[in-house]
Each structure stands twice: as structure tokens, then as C-alpha cells.
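The values are calculated or read from the model by the stated rules, or taken from the named source; none is laboratory data. It should be emphasised that the depicted structure is a prediction, and the values quoted were computed from it without experimental measurement. For neighbour counting, all protein chains shown are included, and Cβ atoms are generated from backbone atoms with ideal geometry for every residue, glycine included.
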Amino acid sequence: MEKTFDPPRAPLWSTIVATFFGIGYMKPGPGTWGSAAGLLIWTALASQLSGSARTITVIILAAVITMVGIPAATQVVRAFAKKDPQFVVIDEVAGQLITLISAPLTWKTFLAGFILFRAFDIVKPPPVRQLEKLPEGTGVVLDDVAAGLYALGVMQLLLHWGLLK
């Protein structure tokens, strides 16, 4: 009797969440596609809401995505026995949203927010790299949350100095 290979399986809900509805399977650079999805969500919110309503909504959405993303990423990491599978992009969605908290809807903030988040996500300055070492989905998601916080700080400084008008 010949053995067949069964690919790893994670619960459907966790796969859908972790890959952000399959965006994580897009090539090249699934993380960039995940960031783009976060950017599009923010753009949709920013075009419908303004001021504190937008800020509060983006904060709540980023928090919910983070809280749901951690257990989803954990399930996928366990199923595939990989530390941080590239197709898990829910972390990029959360980090990108965090970057754009309180940002006005302009092409400059759109572009700057995208570039800043991707740069901090790739470079991973301390303690971002250390957060990546946390177990399972916690490490997968929280390093991108931290990268988003770094990018948010730089974004707010650029806005404060009037460099994104």
C-alpha cells in the first residue's frame, strides 16, 4: 500500500483570516499585497469618515484585526510548522492601518504611509525584530504592529512638520 502526502491543514476560518481572504497567496511579495489591502481599507474609511470618527474607527479596526489575527496566524503556523509563512498577511493589514491612524486622505500620505510601513516591516529596527521571536501567531502579528507604530510615529512627525501637504 502506497502512502500519499496530505498537505497541512489549518481550520478554514484561520486560513481565510491569516491570508486575508486569499491575498496572501498573491505573487510576488505577498506582504506587499497585504499592505496594499490595508491601504485600500484605510482609503475606503478615510473617504467616508473624517476627523475623530475616522481615527477611532481605524484604531478599533486595527485592534480587532490584531486580536483576530493572532489566533488565526497561530493556527496556520501550527498547521504548516513554519515560524512565519509568507502567505500570512493579516499582520501587514493591521500594521498598515496603524501607520495611517489620524492621517489625512491625500496621495502623499497614501504613498508615504505605504513606503514607511513597508520599510519598517522589512528593516525591523529594535524591538521589532525581538517581537518576531515571540511564539507562533503572537510573534507573526506583533512585529508588524510594532513596525506600524514606528511608521505611525514618523508619519505624524512628517505631518506635524508640514512635509506631506
task = Scan region 144-155 and report the pairs whose first residue is at pLDDT 95 or above and whose second residue is outside any helix (DSSP H, G or I) and surrounded by 23 or more Cβ atoms within 10 Å (Cβ to Cβ), with Cβ atoms within less than 8 Å and a gap of 6+ or a chain change.
result = L152/L100; M155/L100; M155/A103
note = Per the list (1) assigned to a helix (DSSP H, G or I); (2) of a type in the set (V, I, T); (3) touching a residue at least 12 places away in the same chain (Cβ under 8 Å), residue check on I60 breaks on (3)
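Going through V76, V89, V140 one at a time, which residue ends up being closer than 17 Å to T32 by Cβ, touching a Pro at 6+ places or on another chain (Cβ under 7 Å) and buried (at least 22 other Cβ atoms within 10 Å of the Cβ)?
Values: V76 fails: closer than 17 Å to T32 by Cβ; V140 fails: touching a Pro at 6+ places or on another chain (Cβ under 7 Å).
Of the residues listed, the single one that is closer than 17 Å to T32 by Cβ, touching a Pro at 6+ places or on another chain (Cβ under 7 Å) and buried (at least 22 other Cβ atoms within 10 Å of the Cβ) is V89.
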Residues within region 132-165 that are touching a Phe, Trp or Tyr at 6+ places or on another chain (Cβ under 7 Å) and under 18 Å from P85 (Cβ atoms), tallied = 1
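So, of the residues in region 43-52 that are in contact (Cβ under 8 Å) with a residue 40 or more places away in the chain and surrounded by fewer than 17 Cβ atoms within 10 Å (Cβ to Cβ), which turns out to be farthest from the chain's Cα centre (by Cα)?
The first filter runs over region 43-52 and keeps only residues in contact (Cβ under 8 Å) with a residue 40 or more places away in the chain, leaving 43, 46-47.
Now restrict to residues that are surrounded by fewer than 17 Cβ atoms within 10 Å (Cβ to Cβ): 43, 47.
Details: T43: 15, S47: 20 Å.
The qualifying residue farthest from the chain's Cα centre (by Cα) is S47.
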key: Filter pass, T55 being in contact (Cβ under 8 Å) with a residue 12 or more places away in the chain, more than 14 Å from V145 (Cβ to Cβ) and not hydrophobic (A, V, I, L, M, F, W, C)   = yes
